[in-house]
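Data block below; observations after.
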Amino acid sequence: MDTGLLPDALGRRVACGTDYGTVRYVGSVSPTAGIWLGVEWDDPQRGKHDGSYEGTQYFKCRHPKGGSFIRPNKANFGVDFLTAVKDRYGLHDNQDVQCGTGNTVVFGTKTVEFVGMDSVAEQQRQVQLNKLVNISVRECAVSHAGQEDEISRTCANMRHINLSKNLISSWETVVAIASQVQNLETLNVSENKMKFPSTSTFTSSAFSNLKILALNQTEITWTEVLLSAQGWPVLEELYLSSNNITVLERPDNVLQTLKLLDLSDNQLLDGNQLHLIAQLPRLEQLILRNTGISSIHFPDAGFGCKTKMFPSLKRLAINDNKISQWSSINELDKLPSLRALQCNNNPFVDTEKNPETLKQLIIAKISQLEVLNNCEILPAERRGAELDYRKIFGKDWLEAGGHWNPEKNKPSEEFLAAHPRYPALCLKYGVPEEGELKGQQPLTLKNQLLTLTIKCPEKPEQKPVEKKLPESMTIQKVKGLLYRLFKIPGSDLKLSYKSSKLEGKEVELDNDLKPLQFYSIESGDCVLVRW
């Protein structure tokens, strides 16, 4: 290690083999001779103590066993950005060609002499570096920018840079690199434990074109995010996972262009923290995986109304959290633009043992949802889920003050709080009829028999047939049954059905793997067969 680095070593990031750490002390350690570095390791398993030795505290660590002393020559303080690029892409002086003595190049067994070879090789390297648009120097021990303007002279066309898991110890170093890249659009500096500016006086135009920024595992706080964001005027995607962010603040006049925000693996104080970022006007995707939230609430909107919060939010991830009440799922229907939801691994999921029922309940509760846990919701699936929901909770609706007569229909506040979409489903499909609710069976019953009329509308000579079929029977098996009836191969059959509740609409039975109950077919409905 260059001993000239020692005066400014304090706070620097270092590597020792595959271990990374931060220098917390530079000096002597009695009774030994010479200079030592006191290092707080990222992985406490690498350490031996808390920064003290034989009763003297030389530095402090977060973990009681997170520190140790090493000699300076054992520490790697890193290299400049361009050195790392040349190492990664094989563009160093001695890597372009196999050099002989003087201005000669060896091609196989033949030696050829060139005049001005050094300048030609340098020009070739410059051309190759200038062609690079996407650059990754992940885990290349980058610690500083290098000589002023050297990057802009040699890598003028870079747009996307991966600087993750290096030895960058301050945001100023990132600025020094980025300020030399005129059209920088994507920057990943994750897994660099850095110091960030603590006042708004630190501004730069280095990120004037930056669209995507990843700051995962950098120990940045939300306050520091907002201060630095003054220099991100067109940023669209911001990744901040695993930063111990617990509280949020309202982003006034910053992050207004943001479309995606990832806060996963930060233990937020509570779900109300989300209200502080709810006015980001263009935010379309919010990732809150494993953030410790236990509830979601939009207090500005009542039952069946839309909130003014998160006006553009289309995709929300709340999986791996502590949400235990269905009321939080009800609240999501208030989001005016929500189309996709991930919500696996929450306690409320365990309240329903049947995964298909669970899925139907979520679909019925969130009216505009198109994708649930990465699976597309088909129109027939939504219709079936909503009809079943309307039927299953019909008895509760009646007992809570619901009525077929609109003038007497006054369900209680408690019922509306538990089922805020129920009035809308009654408007969409009509109130449940008394006959539907008598002898009501649970949704999970698999073998309920359906009495169905089977007709061939294009073959009048074929008389209608009445059949009793289990609602768990798949469309494929229904086609097998019809093959035995009509002697027509199942692959040639096209099935649909009509119901008195759908007022003349014909619903295609277009998925051979789905059961009849998936399409919400009921006894008395008519299955239409064509070939």
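Hey, of (1) 60; (2) 39; (3) 47, which did the structure itself give for percent of Cα pairs over 33 Å apart when calculated? Checked against the structure: label (1).
Measuring only protein heavy atoms, the 1.4 Å probe finds F303 accessible over about 100 Å². Protein heavy-atom accessible surface, 1.4 Å probe, per residue over the range 381-437: 51 Å².
At the residue level, L493 shows approximately 10 square angstrom of accessible surface with a 1.4 angstrom probe and all protein chains present. Amide H contacts for V26 (H built 1.01 Å from N in the peptide plane; partners 5 or more residues away or on another chain; cut-off under 5 Å): G38. With respect to the chain, whose longest principal axis is taken over its alpha-carbon atoms, helix 117-131 is tilted by about 30°. Taking all protein chains together and a 1.4 Å probe, the residues T291, T451, T351, T221 rank T351, T221, T451, T291 from largest to smallest accessible area. For the residue pairs K463/K487; K65/K322; K353/K467, alpha carbon separations beyond 23 Å are given by K65/K322; K353/K467. Determine the calculated [θ] at 222 nm for the chain from helices alone, applying -39500 (n - 2.57) to every DSSP H run no shorter than 4 residues and normalising by the residue count; nearest 500 deg cm²/dmol. Mean residue ellipticity at 222 nm (helix-derived): -6000 deg cm²/dmol. Accessible area per residue (1.4 Å probe, heavy atoms of protein chains only) ranks R484, R13 as R484, R13, with the largest value leading.
Heavy atoms only, 1.4 Å probe, whole protein assembly: order W36, W222 by accessible area, highest first.
Listed by decreasing accessible area, they come as W36, W222.
Ignoring any ligand, DNA or RNA, what whole percent of the accessible area of the chain comes from carbon and sulfur when the probe is 1.4 angstrom? Please report the intermediate quantities before stating the final value.
On the way: 12980 of 26720 Å².
Answer for the chain is 49 percent, counting heavy atoms of protein chains only.
State which entries of K359/K468; K395/K428; K428/K514; K395/K514; K86/K131; K165/K259 exceed 21 angstrom in Cα-Cα distance in the structure shown. Those over the limit are K359/K468; K428/K514; K395/K514; K165/K259.
Look at the Cα gyration tensor of the range 12-74: its axes a ≥ b ≥ c give a/c of at least 1.5 with a/b at or below b/c, and that counts as oblate.
The values are calculated or read from the model by the stated rules, or taken from the named source; none is laboratory data. Please read these numbers as outputs of a predicted model, since none were measured by experiment. Note: accessible area is taken over every heavy atom of the protein model, side chains too, but ligands, DNA and RNA are not part of it. Shrake-Rupley method; radii C 1.70, N 1.55, O 1.52, S 1.80 Å.
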